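Presented below is the structure to which this report refers.
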Amino acid sequence: MKLLIIAGEVSGDNHGGNLVAELKKQNPNIELSGIGGDQMIQHGFEAIYHIRQMAFLGVGEIIKHLPFIRKVFRTLVNHAKNVKPDAVVLIDYPGFNLRFAKAINKLGIPVIYYISPQLWAWGKRRVKKIKKYVDKMLVVFPFEVDFYEKYGIKAEYVGHPLVDEYHDVVSPKRVHETGEKVLGLLPGSRKHEIEQLLPDMLETTKILYDQKKINKAIIAKVENIPDEKYTSLICTDYSFIELFTGSIPEFYNQIDIAVVKSGTSTLETAYFQVPFIIVYRVSKLTWFLGNLLVKLDSIGLANIVAGKKVAEELLQNDFTPNKAAELISDLLKPEINKEKREELKIVQDKLGEQGASKRTAESILEYVERCNTS
């Protein structure tokens, strides 16, 4: 059996890594290739392109790299024609993957979408593409089943892979149990995001340190970003700030509070019951276009999943070091910190039980085998 898998981002690689491991476990002879990162590669995936080559954010970045994106697209379509995979598995990454689904559909190859694009946020115009070009939808939130049902699309809920990764390693500290207060900074997984957000995150940290609200801060480094991208922004005045290169559980289990870029990391932070604020900033053009499409009260995934605002959001010009420091100061108060950690348990409950990657692999293999025998 051969599968072509497309995961174009760090979060997709993390979830894809677990999926690849399960697919290999259930079918040791399966051949897996496409776009992925180190997590997928270490489990036997052949990366035609690495996720670090695909990390674009915003309209300007995408336009700048259009020739390369088109080259990748053509290469993978030709690869599908030559290899003739039994199915294509798309993991999130909708800008590329929905166009790719159309091209693959024309080749008569089954298309499976794992981790749905957030169509419930970005208007509804892309639902027609899902209905037309995707053969099977595997979703990670229960409410997505109801969403797709309204449009005549049958979606299968498999659970969220974050639970598989972290269920047994969540061990949150309490701010009142130690004299040292540690702030965690998660500026994102793309160079552009780090350039946009980390300087003001660092300034926020300096304010809190000078006010003796925190003792130190640690920055969550992602694999596809070189150390220099972070360290070049950390001046000598920031000697109390460290670049953290350990595991995600080690990172979350030692921090009292966090400043988190909007995205999957907000879900991780909430799952580890770490009180946090959400920050986000893109170009004016991207923000303008986004406001025309997004129809949500909150953009933070943790808030959307919780069904209420469990973390404050500072977006665009609202994200200033002074505002962020003020919100963090409140969340560092022991009684508020404790209450917020209890409140964040709602996200754990919403994400369900373990076994998402196993169920996803089983569903993919069963579907492909059924297609091959029909």
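The values are calculated or read from the model by the stated rules, or taken from the named source; none is laboratory data. Computed from a predicted structure; not experimentally measured. In this analysis, Cβ positions are derived from the backbone assuming ideal geometry, glycine residues included, and neighbour counts consider all displayed protein chains.
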Exercise. Does any residue of segment 131-138 turn out to be on the phi < 0 side of the Ramachandran plot, surrounded by 15 or more Cβ atoms within 10 Å (Cβ to Cβ) and part of a helix (DSSP H, G or I)?
Worked result: yes
Exercise. Would you call Leu90 under 30 Å from Asn303 (Cβ atoms), assigned to a loop (DSSP other than H, G, I, E, B) and assigned by TED's automatic domain parsing to the domain that holds Val368?
Worked result: no
Exercise. If Leu107 passes every condition in (1) closer than 27 Å to Ile248 by Cβ; (2) aliphatic (A, V, I, L, M); (3) surrounded by fewer than 17 Cβ atoms within 10 Å (Cβ to Cβ) but one, which one does it miss?
Worked result: (1)
Exercise. Going through segment 246-284 one residue at a time, which ones are on the phi > 0 side of the Ramachandran plot and modelled with pLDDT of 90 or more?
Worked result: Gln273
Exercise. Just checking, which of Ile51, Ile91, Ile115 is at pLDDT 95 or above and within 19 Å of Gly37 (Cα to Cα)?
Worked result: Ile91
Problem set entry | helices (runs of 4 or more DSSP H) (entirely within segment 3-83) containing at least 2 residues that are over 22 Å from the mean Cα position of the chain (by Cα) and in the same structural domain as Leu365 (by TED's automatic domain parsing) | 10-26, 58-64, 66-83
Problem set entry | Search result, residues across segment 249-267 that are under 9 Å from Gly188 (Cα atoms) and either of a type outside the set (Lys, Arg) or surrounded by fewer than 23 Cβ atoms within 10 Å (Cβ to Cβ) (or both) | Val260, Ser262, Gly263, Ser265
For this session: Return yes when Tyr166 is of a type in the set (Phe, Trp, Tyr), surrounded by 17 or more Cβ atoms within 10 Å (Cβ to Cβ), under 30 Å from Ile364 (Cα atoms) and not assigned by TED's automatic domain parsing to the domain that holds Gln39 and no when it is not.
Result: yes
Problem set entry | Residue in segment 285-326 that is farthest from Glu343 (Cα to Cα), counting only those that are modelled with pLDDT of 95 or more and out of contact with any helix residue (DSSP H, G or I) (no Cβ under 8 Å at 6 or more places or on another chain) | Lys323
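Check Val279, Val259 and return the single one that is within 21 Å of Glu339 (Cβ to Cβ) and under 17 Å from the mean Cα position of the chain (by Cα). Please lay out each step first, then the result.
Working: Val279 fails: within 21 Å of Glu339 (Cβ to Cβ).
Among Val279, Val259, only Val259 is within 21 Å of Glu339 (Cβ to Cβ) and under 17 Å from the mean Cα position of the chain (by Cα).
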